[in-house]
Each structure stands twice: as structure tokens, then as C-alpha cells.
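Visitor: Got a structure for you, written out below as C-alpha cells; questions coming shortly.
No lab work stands behind these numbers, since they all come straight from the coordinates. Worth saying up front: this structure is predicted, and the values here are computed from it rather than measured. Ideal geometry is used to build each Cβ from the backbone, glycine not excepted, and the neighbour counts take in all protein chains shown.
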Amino acid sequence: MLETQSPTTGAPSGSDGAVVRFDGVTKIYRGGGGVRNLTLNVQPGEVFGFLGPNGAGKTTTIRLLLDLIRPSAGTISVFGGDSRRDSVEIRRRVGYLPGDLALYEQLSARDVLSHFAHLRGGPEWSQIHSLATTLELDLDRPIRSLSRGTRQKVGIVAALMGEPDLLVLDEPTSGLDPLVQRQVHDMLRAAATAGRSVFLSSHVLSEVAQVADRVGLIRDGELVTVERVLDLRQRAAHLIDVRLRQEPSRDAFASLPGVTVCTVSGRDVHLEVTGDLRPVVSAIAASDLEDLSVREPSLEEVFLSFYDNAS
Amino acid sequence: MTTPPELQVDAGPTRLRTIFARALREERGALIGWTIGIVAFCLVMLAMYPTVHGNAGFSKLLDAYPEALRKLFQLQDYTTGAGYLRTEVFSFVAPLLLTLFAVLWGSDLTAGEEERRTIDLLLANPISRRRFVSEKWLALVVGTIVIAAALEGALGALGPLFKLHVAWSALTAAVLGSWLFAVAFGTFALALGATTGRRGIARGVTTTIALASYLLATFSQLVSWLRPVRNLSLWQHTLGVDPLGTGFHWWRLGLVVAVTLVFGAFALWSFDRRDLAT
């Protein structure tokens, strides 16, 4: 049975509070590919980013969750219900955007969204209309005449309408221009703030890092690691290059708190700093400074270096 | 100048409340086309009838044909209205046109959505796979009724303009037989499409079996060793028993309905247990 919605957040909870729980899930295709022994969970009010290269098993995981395909081993529970047995009830509370989005070519966006709204037995048209207005989506052109980005907008409205408790989005911003990507990210953050959960996949960490609370890395069908984005950010070293007017003493900077790497060559100093920047900045300010640059490595580099260290 | 969004009048949602409604809507163009085609075919056949009707020369000519040929082409009473329709309309072309339409559509009902990948988004909605298949099947039944009704209407209503008179009940028996044959194979194509997810397989296999069914029933009139197995042919039960001349054969029609329901049940069962379009 599905557990009932909690009245305060609108967010549902399973026995341990997780909205989605994969437990030892395996799905292998005949031609290879699939996922192996996947265990993960998504919490209420959380944006979970699922990161991996194409073909790593992200779409397989998502289609398993929606009961479009069935696991060969393991169990998947959503809202505390079984992904297969309780599938219809689960899908009533899930908004889904497929990675390989296909819409009914002969119909207009208005037809498609009306159709799904009727099938969901619910969302008010005014809400659909306001989502479409926000994304500047023209509802009355036939799908076959729409560009990829515009189709993606139709898919996003279809997923978000009715404010489902769980959003499952496969590469949601692919094909969208940066401005719209940002709008979509804002919508997802707003959904999470309202206590709903988001499970989104991407092959770009920078995107996931912008919206997700936690990131799971999947490679060749196996979940490699799950990290909090906040932890990743704290781990991220700042790369600081300083040029002074005269050569500094060898250990002027090396002994400062947070400095992990310090190389001095002539008047140039290269520092890598994690954590609090203030001691280093103060020291630099007090020195005879000629030039300064501060760079933050991409989270991709951090994440991957972390993964490489961990393995 | 563009109108600010808050001043725009929005047309609101459209209908398309069910998968059934959308299936018919998407097939609308094809339905109209096939209906026009079948009515046009009827008109051509009716227009030629006055040259045959009561033509003693024709009767003599046909009597001179070998019996085998007369049976094969169902040439008995060719110069009467019912006999003419049996030969020219119901012996092959009209039932098979209706069947071809049903097979093409039936194979597309679920497998088409899988091949076009629209199924993912559709089944993200809270509807069971069984409901999806059932509504699609219902659309097939209703859509073929439209074409069958056009067939009956064209022959029954326009026939008298060409001096072709045939009892409505006899005509209805023949059209009902054609329709049941078409729906049976349309459902079979749906079941194969639901099992394999591939339209091509569903179409190829179903068309072959439907043709074999026609050939078995027809040639069993000539080839005695085929006679014991001709009841395996759905054509035999629907059109092989000359519904225009002998009316409704209820147990045979009931048998075809039962077989169709078995195909439908198989479609529900096999679609429910599969991985979709992987």
C-alpha cells in the first residue's frame, strides 16, 4: 500500500522517510548495458542529481522507477509502494520528462497537455497556462512544427503540471537555451523548497551542481559514489596566483591555515587553498602585491579527483 | 505589438479526454480516406451492374464456365443483385480492404507508440497498461464500424439507383461477417504488436495468416482434402458460408467473436508483462 501524504509538507514518506528507494536493483540487457546492484534513495524536499556519461544506465534507472521496464533483481519502492504493484497510484504523484522526448506529432501542445491533464484527472488549466506563459510556449502550433527546445518546454510543462510530489527528469535542460535552463532550475529549486522531491539525470556536473543537493555518479551501470554538493564545494580548492614586487620568503604563505600547495618561483607564488580564505587573503593584502588571480576549479574536476582518490 | 499575456484570451483545454478519443482523432484522416475509397469502390461496382442485370447472354456465358471456376469466384446467381454483390464485393475486395485497414491500424495501436517513443510520456500518467490496450482496441472496433457502416450504406442506399436490390438483412449479414473478420485480424495484429513492440512483424504475420484464411476457405470448395480443416479459417465462418444468400450463422459468428476476445486477452496479458521499447 502507498503511504498517505503528510499534511504539512505535501511530501510523502516511506517507512524510512525516503521518497524513492532502490535496493540492490539489477537490470541487464541482452546486448549489454543496464544497471547492476543499484542502491540509492531520494529524500523528501531533496533534489537528487544523477550524473554519468551517456549509456551509463541513467535512463534505465529512471524507466525502472516508472515501471516502463522491470528489474531482474532487487526492489524499487516509491512513496513506500512497490514500483510495479502500485505503479498507477505512484504515477498519479510523479511528473516525468523522458530523455528521449517524443510527443504526438499531429497534435498541438494544447492538445497534448489537455490530454495528459485529463488522464491525470486533475491539474487546473490555469496552472498549465501559467507554466506555458512563464516558459513563453506557444500552445497552438502543431508539435511537428516545433524546434527541439520548444518540444522540451512542452515536456517540462507536462512534467510540472499538477505539482507532483516527485519529479523525475531525464536530462531536463538538453536543447534549452541558457536563459530557459535557468528558469527550469529555478522551478526545480522552488519545487524542492515546497517539500517536493526531484530526481534528475544529467551528463554535465555543473548543471547538476546548480540545482542538486546530492549527486550520485554512475558509470557502466554501477553507482560509484553519492556526495552532497555542499561537501564537494567545501572540498573545492581555490587556485590563487600572486605576483609580488619582491621575492617573498620561502614559508611566508606555506604555513597559513588552509594552504595545501605552495610553490614559489621568483616573485610568483602559486597557492591552492581549501576552506576559509580569510587568513590567506589577509596575508596577501599585507604583502607587497603587484598582481592577483583567483580561480575555482570546476566541480567536475573536484568530483572526479575525489572519485579517483576514493577508488 | 504583442498583447501582454494577462490580456490574452486563452482558449482553455481541448477535449481528448481519453486514449480512446485520441486514438480516433489521430486516425481521423485515415478513416476518412478509407471510407471514401470503399464507397468509391462500391460505386464503380454498382455502376457496372446494369450491364449484367437480367442479361441472358451473361448467364449463358457463365453457365459455360467450368464448375471449379464458378465456385472459386462464387459466380452462382451472378446476374441477380445478391449474387453480383457476393462475387464482386464480398468474395474478396471489400472484406480484405476492411481487414487491411484493421491490420495496419491494429499493428500500430501499441507498437506504433513504442516505435515513435510516445509511450514513455503517455504511461507516465496514472493509467494502467491494460486500460491503455483496452481503449486502443475499442477505438479499432469503433473505427472499423464506421467503415463497415459506409460499406453497408453505400450498397444498400445507392444500389437501387443502379437497379440493384438486395434485402437489408442479407446485406447486413455480409457486412457483419466482413467486419468481424476484419476486427479479428486487427485484434490479432494488436496482440502481436503488443507482444513484440514491432509493427512490421505484426503486419507481416497477420496479413499472411489472414490471406491464408481466405485461401483455405475458398480453395476448400474445390480441393476435397482441404475440407476437413476449413473450419480453422475465420473466413469460412464469416464469409465462406455465403451470408448474402443464407443470412446470419450465429454460432459461427459467436465463435469468431470468442476467438477475437482471446486475441484481445492475449494482448492485455502480454503487454502487461513486458519491458517497453528498450
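Visitor: Sorted by average packing, counted as other Cβ atoms within 10 angstrom per residue and highest first, what order do A:81-94, B:191-204 take? It would help to have the intermediate numbers written out before the result.
Guide: Working: A:81-94: 18.9, B:191-204: 21.5.
Output ranking for A:81-94, B:191-204: B:191-204, A:81-94.
Visitor: A follow-up question, please. Using the Cβ atoms and a cut-off under 15 Å, what net charge is assigned to the surroundings of A:Ile240, where Lys and Arg are +1 and Asp and Glu are -1? Show your work: numbers first, answer last.
Guide: Values: positive: A:Arg243, A:Arg267, A:Arg278, A:Arg295; negative: A:Asp241, A:Asp268, A:Glu272, A:Asp276, A:Glu290, A:Asp291, A:Glu296.
Neighbour charge sum, excluding A:Ile240 itself: -3.
Visitor: Between region A:228-298 and region B:51-90, how many Å separate their Cα centres?
Guide: 102
Visitor: Hey, could you grab the Kirkwood Rh for chain A? Inverse mean 1/r over distinct alpha carbon pairs, Å, one decimal. Before the final figure, lay out each step's value.
Guide: Details: mean 1/r = 0.0460 Å⁻¹.
That comes to 21.7 Å for chain A.
Visitor: Report, in whole Å, the centroid distance computed from the Cα atoms of region A:109-128 and region B:174-233.
Guide: 40
Visitor: Choose one of A:Gly52, A:Ser282, A:Val78: the residue whose Cα lies farthest towards the positive end of the charge dipole of chain A (beta-carbon charges +1 Lys, Arg; -1 Asp, Glu; about the Cα centre).
Guide: Towards the positive end, the residue furthest out is A:Val78.
Visitor: As a test of the formula, what do you get for chain A when each DSSP H run with n ≥ 4 contributes -39,500 (n - 2.57) and the sum is divided by the residue count, at 222 nm and rounded to the nearest 500 deg cm²/dmol?
Guide: Values: 10 runs with 99 residues, N = 311.
Helix-only estimate at 222 nm: -9500 deg cm²/dmol.
Visitor: Let me ask you something else. Rounded to the nearest 500, what is the 222 nm mean residue ellipticity of chain B from helices alone, with -39500 (n - 2.57) per DSSP H run of 4+ residues and division by all residues? Don't skip to the end; give the middle numbers.
Guide: On the way: 13 runs with 191 residues, N = 278.
Value at 222 nm, helices only: -22500 deg cm²/dmol.
Visitor: In addition: What is the fewest-to-most order of B:Trp168, B:Trp235 by other Cβ atoms lying within 10 Å of their Cβ?
Guide: Details: B:Trp168 11, B:Trp235 27.
Neighbour counts put them in this order, fewest first: B:Trp168, B:Trp235.
Visitor: Residue by residue through region B:172-179, what is 3J(HN,Hα) from phi via Karplus (6.51 cos²θ - 1.76 cosθ + 1.60, θ = phi - 60°)? Round to whole Hz and write x for glycine and proline.
Guide: 4, 4, 5, 5, 4, x, 4, 5
Visitor: Then there's this: What is the total of Lys pairs in the protein assembly as shown with C-alpha atoms under 27 Å apart, excluding same-chain pairs fewer than 8 positions apart?
Guide: Lysine pairs meeting both conditions in the protein assembly as shown amount to 5.
Visitor: Based only on the alpha carbon positions, what is the Kirkwood hydrodynamic radius of region B:17-273, in angstrom?
Guide: Numbers: mean 1/r = 0.0522 Å⁻¹.
The answer is 19.1 Å.
Visitor: Here is a follow-up. When averaged across all projection directions, what area in nm² does the alpha-carbon convex hull of the protein assembly as shown cover? Intermediate values should be presented prior to the final figure.
Guide: Values: hull surface 154.7 nm².
Result: 38.7 nm².
Visitor: Which value results for Rg/Rh of region A:44-101 when Rg is the Cα radius of gyration and Rh the Kirkwood radius based on the inverse mean 1/r? All intermediate terms of the calculation are to be shown ahead of the outcome.
Guide: Numbers: Rg = 11.9 Å, Rh = 12.5 Å.
With Rh from the inverse mean 1/r over Cα pairs, Rg/Rh is 0.95.
Visitor: Related question: If you bin the C-alpha pair distances of region A:214-266 every 10 Å from 0, what whole percents do you get?
Guide: Spelled out bin by bin, region A:214-266 gives 18, 32, 20, 18, 10, 1 percent.
Visitor: Skipping prolines and chain starts, which residues have an amide H placed within reach, meaning under 5 Å, of the one on A:Arg196, given they are 5 or more residues away or on another chain?
Guide: The list, which skips near neighbours in sequence, is A:Gly45.
Visitor: Running Debye on region B:22-125 with equal point scatterers at the Cα sites and no solvent, what base-10 log of I(q)/I(0) appears at q = 0.10, 0.15, 0.16, 0.22 Å⁻¹?
Guide: Summing over Cα pairs of region B:22-125 leads to -0.47, -0.74, -0.79, -1.13.
Visitor: In degrees between 0 and 90, to the nearest 10, how far off the longest principal axis of chain A does helix A:148-160 point, with axes built from Cα atoms?
Guide: It works out to around 70 degrees.
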